[in-house]
Amino acid sequence: QVQLVESGGGLVQPGGSLRLSCAASGFSFSTYDMSWYRQAPEKEREWVALITSSGGSTNYADSVKGRFTISRDNGKNTVYLQINSLEPEDTAVYYCKARGTRYWGQGTQVIVSS
């Protein structure tokens with residue numbers, strides 16, 4: 001059974017940082033590219049970042065480039081998202097997803113507010 005469990009969200013002031021984690025199980029994690037997505041209130045879910053299965057390549061949405069860093073630890077079946085210089089516009093529920101699959105976790109809430 002595929003499981004994706006996101007964690008690490010919270011309330012943070014503008015300019016702050018967070019590290020999100022996504023623990024995966026039930027599939028061969030190290031063979032899948034992994035992505036982070038986010039969904040802000042009353043908006044469509046949007047893709048944020050991708051990392052290839054080996055971790056050798058990453059790609060980011062223009063809106064987060066230079067502030068977000070995606071990484072993974074295949075030994076721990078976990079993908080991370082380091083978020084720096086947080087802005088109120090980053091407020092959203094953040095989800096991870098294995099590329100080409102239909103499985104989503106429950107997400108982790110990030111709220112950026114002073």
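The values are calculated or read from the model by the stated rules, or taken from the named source; none is laboratory data. Quick caveat: nothing in here was measured; it's all calculated off a predicted structure. FYI the Cβ positions are ideal-geometry reconstructions off the backbone, even for glycines, and counts take in every protein chain you see. Quick note on the areas: whole protein, heavy atoms, side chains included, nothing else; ligands and nucleic acids left out. Shrake-Rupley method; radii C 1.70, N 1.55, O 1.52, S 1.80 Å.
The overall shape of region 67-114 is oblate: from the C-alpha gyration tensor, with semi-axes ordered a ≥ b ≥ c, the ratio a/c is 1.5 or greater and a/b is no larger than b/c.
Of interest is the spacing of the C-alpha centroids, which for region 77-104 and region 1-43 amounts to 4 Å. Straight-distance candidates among the lysines for linking to residue 65, with alpha-carbon spacing under 22 Å and chain neighbours fewer than 8 residues away dropped: 43, 97. Along the chain, the exposed loop sites are trypsin sites (Lys or Arg not before Pro) outside DSSP states H, G, I, E and B with at most 12 other Cβ atoms within 10 Å, and the longest stretch free of them is 1-42. Computed with a 1.4 Å probe over protein heavy atoms only, the accessible area of residue 52 comes to about 40 Å². A run of the chain free of exposed loop cleavage sites, with GluC sites (Glu not before Pro) counted only in DSSP states other than H, G, I, E and B and at most 14 other beta carbons within 10 Å, reaches its longest extent at 45-114.
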